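The values are calculated or read from the model by the stated rules, or taken from the named source; none is laboratory data. Computed from a predicted model, the values in this text were never measured in an experiment. Heads up, the Cβs are rebuilt from the backbone with ideal geometry, glycines too, and the neighbour counts pull from every protein chain shown.
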């Protein structure tokens, strides 16, 4: 079974530029998450999708961050414009979700390491 | 609101020694608790979970954790450390039935030969 795929793995940009990350979850997983992991900290949830609907985006800085999950499969996370403090690893995760899933059992991708100069 | 606190950002043990990573949680409702491990340049993977069955939970790679409600703790242990255990370990909490997790800040485990 293929795992969660993310691209790119690394990205370096200058502040005020825009950047986009892509995630392909495990096939059949209804729930998709984007987490931000700043160096030395635990992952922080940015947004959670159930199929193609947003379940929780309370910690997403909506003035600069946006995310979508078209057709309930792949997802993209965009930052525009980027700030220095956005330097972090952006993790995508998926789970079965709903009544068929085991709560809290998330499958993570390898992450995208973003450096903002 | 739920939260977890991991005591010690860095733990170092000798190969063959006991591993003990500490996690305390705060939750107004009975929680689900998890330990995830992150190896270098990889995503997090589930080590074990507590979802209200047995309080002593066994996971992969010889790890186990015990849920102690009176101490609001969920410490992770392994009797004998291996070099391959070197990684970052995250404790996480989630409300029962929900899919959202809140992670602690992580503990980096170093194994000395």
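Only one of the numbered conditions (1) part of a helix (DSSP H, G or I); (2) at pLDDT below 95 is not met by residue A:85, and that is (2).
What about residue A:67, is it more than 23 Å from residue B:4 (Cα to Cα) and either at pLDDT 95 or above or within 11 Å of chain B (Cβ to nearest Cβ) (or both)?
Here the answer is yes, as residue A:67 does meet what is asked.
Counting only strands (runs of 3 or more DSSP E) that fall entirely inside the stretch B:4-89 and contain at least 1 residues that are in contact (Cβ under 8 Å) with a residue 40 or more places away in the chain, surrounded by fewer than 17 Cβ atoms within 10 Å (Cβ to Cβ) and within 11 Å of chain A (Cβ to nearest Cβ), the qualifying elements are B:10-14.
Checking the condition surrounded by 13 or more Cβ atoms within 10 Å (Cβ to Cβ), free of Cβ contacts under 8 Å to residues at least 40 places away in the same chain and not in a strand (DSSP E or B), which residue from B:105, B:99 passes? The match here is B:99. Within the option set A:45, A:77, A:114, A:32, being crowded, with 18+ Cβ neighbours inside 10 Å, at the interface with another protein chain (Cβ under 10 Å from one of its Cβ atoms) and in a strand (DSSP E or B) holds for one residue only, A:45. Of all residues in the stretch A:2-24, those satisfying the criterion of being away from chain B (no Cβ under 12 Å) and either outside any loop (DSSP other than H, G, I, E, B) or within 17 Å of residue A:97 (Cα to Cα) (or both) are A:7, A:11, A:12, A:13, A:19, A:20, A:21, A:22, A:24.
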